[in-house]
Amino acid sequence: MRWLLKWGVRLIAIVVALVVCLLAPVLYVEFACKGDRIAQPYTAILPPDHHRSEARTLLTYPEWHIVHAYDDYAQVIKEGDPHDFGYLKAVRTYWSSLCALKKRSVAHGGMDTQTKQLVYVIGASFSAELALKAMYEETLGRLATWVRGDVQSPLDILSAEQAAAYATFLQQTPWYKWDFAGDIAALKTARTEVFRDRERFFALRNEFAAKSVYAGVIADAVANVGADALRIRMIMSGADQDALADVDGVTVIGNRPEGVEIETGRYRALTTLLVRLSELDLAIVEMAGNDDIMFTAISPDPSHPEALFSFPRQGYGDYRHLFVVKTADLLVRLQDMAQGPMRVEHVHDY
């Protein structure tokens, strides 16, 4: 009984320590990352049904940070090994960027309770996932690469391909719709009897199985609550209805005194569309009832004087920058970046 009690106390202490580690960045962001509320008067043109909170352009980034982290991971293991990825670095930049975004969001209406809960929950989940993965890959995973040698095994190559496909999938589709069971089946088919393949199959099968179960829970929750809107309204100046109607991905709603009201898709499709629109002599008067918007860009320079936040990408040797601009200036900025060396990565709608 004394032995059982001793280990029970140790287990409780470990659980408490883990909870504290996960809560610490949440508490830091919540109480230390304060911003100034700057008056930014703006009267929306679109009707309320098509408004989205302006602060959301900033606060959609944390979800995309996780998407980018998976892309970085895929890039690292393309020629390297999982233990080469900086798991804790990815976690640290999540919370550091969220702190900067929370400070800036105050000037745009601040973080609403629902969004705050979302970014904290996914941040804690992301932190826990990467911490567990780091613990495994830095120990047993690294040991398996020592046994393997310098040449990647078949499952090393396949898992890198799966990671890259998953990262691309996340650009437009929620993660819980990914076919994790299909990944497990592919691993089972491709594995050999070498030690590294047996180890990779054990590790990745368990990871994908856990994610598959969790994905089912999230899918059910989304079905009950309702998925986010996949379309967004904006008002464009500089072109008539016919010209905009000819642009693939644009649905013209009608004319307004300020310009032409259109509807488009969101997420990665929106970024692609806006890059195309930047080639025309157009401007965005308003998007979803807002006149400010954030975008991320990639450049070889570690900093930029106008960036809200900057940090290095893993596996690429370049840097990501977060910018907030007026919607009226967005297309001009996108057109300027077409000349390089900075290039647009993603335009964050609301």
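Taken over the stretch 94-129, the criterion of being β-branched (Val, Ile, Thr) and either touching a residue at least 60 places away in the same chain (Cβ under 8 Å) or not in a helix (DSSP H, G or I) (or both) is satisfied by VAL106, THR115, VAL119, ILE122. When the stretch 291-317 is filtered for residues that are under 21 Å from ILE77 (Cα atoms) and in a strand (DSSP E or B), the ones remaining, listed by number, are ILE298, PHE311, PRO312. When you look at ASP240, is it surrounded by fewer than 15 Cβ atoms within 10 Å (Cβ to Cβ), under 27 Å from ALA167 (Cα atoms) and not polar (S, T, N, Q), yes or no? No. Does ARG276 meet the test of being more than 22 Å from the chain's Cα centre (by Cα) and either in contact (Cβ under 8 Å) with a residue 40 or more places away in the chain or assigned to a helix (DSSP H, G or I) (or both)? Answer is yes for this residue. Taken together, VAL119, VAL106, VAL91 contain a single residue that is surrounded by 16 or more Cβ atoms within 10 Å (Cβ to Cβ), hydrophobic (A, V, I, L, M, F, W, C) and touching a Lys or Arg at 6+ places or on another chain (Cβ under 6 Å), which is VAL106.
Looking at LEU88, LEU58, just one residue is touching a strand residue (DSSP E or B) at 6+ places or on another chain (Cβ under 6 Å) and of a type in the set (A, V, I, L, M), and that residue is LEU58.
For the stretch 40-84, the tally of residues that are small (Gly, Ala, Ser) and within 17 Å of THR271 (Cβ to Cβ) stands at 0. Annotation note: of VAL217, VAL252, VAL213, the sole residue that is more than 30 Å from LEU155 (Cα to Cα) and either outside any helix (DSSP H, G or I) or under 23 Å from the mean Cα position of the chain (by Cα) (or both) is VAL252. Looking at the structure I just gave you, is ASP81 within 13 Å of the chain's Cα centre (by Cα) and within 30 Å of ASP156 (Cβ to Cβ)? Considered against the rule, which asks whether it is within 13 Å of the chain's Cα centre (by Cα) and within 30 Å of ASP156 (Cβ to Cβ), ASP81 comes out as no.
Throughout, read-outs are computed from the coordinates displayed, never taken from laboratory work. Keep in mind that this is a model prediction, so the values were computed, not measured. As a convention, Cβ positions derive from the backbone with ideal geometry for all residues, glycine included, and neighbour counts pool all protein chains shown.
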